[in-house]
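Some notes on the structure that comes next.
Each value in this text was obtained by applying a stated rule to the coordinates, not by laboratory testing. This is a predicted model, so every value here is computed, not measured. FYI the Cβ positions are ideal-geometry reconstructions off the backbone, even for glycines, and counts take in every protein chain you see.
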Amino acid sequence: MIALFMVHHLELLLLAGLVILLLGRLACLPLGYLLRGLRLVWILALLTFVFNATLTPGSPMTGLEDLPVTREGLLRGGAMAMRLFLLVLATSLLSLTTSPILLTDAVEKLLAPFRRLGVPSHELAMVSTIALRFVPTLALETERIMKAQLARGACLDRGNPLVRARALVPVLVPLFVSAFRHAEDLAVAMEARCYRGGEGRTRLRDLHLRAADWWGGLGGLLFLAALVGLDRWAGRFG
C-alpha cells in the first residue's frame, strides 16, 4: 500500500497489481471474488480519471483537439484510477486473509513501544476491533430498516439522485438511533465486566515473530525499494 502512494508510472502500478493478484492466488482466493470489490469504486475511479484528464495542463492529444484532454492528463488520470483500484485490492487481500482480531492485536503490538510517549495502544486497538465488528451489524440493521420502509410503501430506488437522497432520510435516522443504542449497550456491558483499559490484561494468544514473518517483511521491504527505485529511474530518464 505504501508503494502504491510512492509510484507514479502506470507501468509500475500494473506490476504492483500483478503482484497483488499473485498474492491472492497464493492465498487461494478466487480471482472473481477478489475483483468483485472493485464494483463499489469504479464511479469514483472514473471521475478521478476524467478530472485529471481534463484539468491537467500539457500537450493536446492528436485527433482530440476539440476536447480539453491532454496527454499528461490521460497518463495521470490512468495512474490515479489504477492506484485507487489497487488500494481496494490490497485492502481486500489483507482483510480476506487476516482476521480482525489478529489485525488489532498486531496494531497494539506494534504501537506498544510508544506507550511511553503517551500513545494509548490498547485503546486504539480496542476501538479498531469494535469498529470492524460493528460493520456487519450495521449492514444487517440497514437491510432490516430498508425492508421495513419498503413494506410501508417507501420508494427508495426511483427518481433522480436528489429524490433518492431525500428518500434515504427515513432510513438514516433510525440507523443512527440503532447505532447509538448498540454503542450504549456495549458500554454498559464493558462496565459490568469491570473493563478498565489495557493495564494488567493478559491474552489468550500472544503474538510472536517467526521466520515466515521476517521473510515476509523483508520481501515487502525489498519490493517497496525496487518499485520506488524503478520509479525514480524512470522519472529521470523518461
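Here are the numbers for this structure:
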read-out: Global form of the stretch 52-190, assessed from the alpha-carbon gyration tensor, a/c cut-off 1.5; value: oblate
read-out: Two-decimal ratio, the chain, of alpha-carbon radius of gyration to 2.2 N^0.38 Å; value: 1.32
read-out: Fewest-first ranking of S59, S128, using other Cβ atoms within 10 Å as the exposure measure; value: S59, S128
read-out: Options A192, A148, P170, ranked by Cα towards positive dipole end of the chain, top entry (Cβ charges); value: A192
read-out: Peptide ranges 101-108, 28-35, 188-195 listed from the most packed, as the mean C-beta count within 10 angstrom indicates; value: 101-108, 28-35, 188-195
read-out: Dipole axis of the stretch 2-97 (+1 Lys, Arg; -1 Asp, Glu on Cβ), positive-most option in G24, T70, T56; value: G24
read-out: Cα-based shape type of the stretch 58-133, given that a ≥ b ≥ c are square roots of the gyration tensor eigenvalues and the cut on a/c is 1.5; value: prolate
read-out: Cβ-based exposure ranking for T137, T56, T70, in which fewest neighbours within 10 Å come first; value: T137, T56, T70
read-out: Rg/Rg_ref, the stretch 1-66, where Rg_ref = 2.2 N^0.38 Å and atoms are Cα; value: 1.46
read-out: Integer Hz, Karplus 6.51/-1.76/1.60 couplings in order for the stretch 122-127, x for Gly and Pro; value: 5, 5, 5, 5, 5, 5
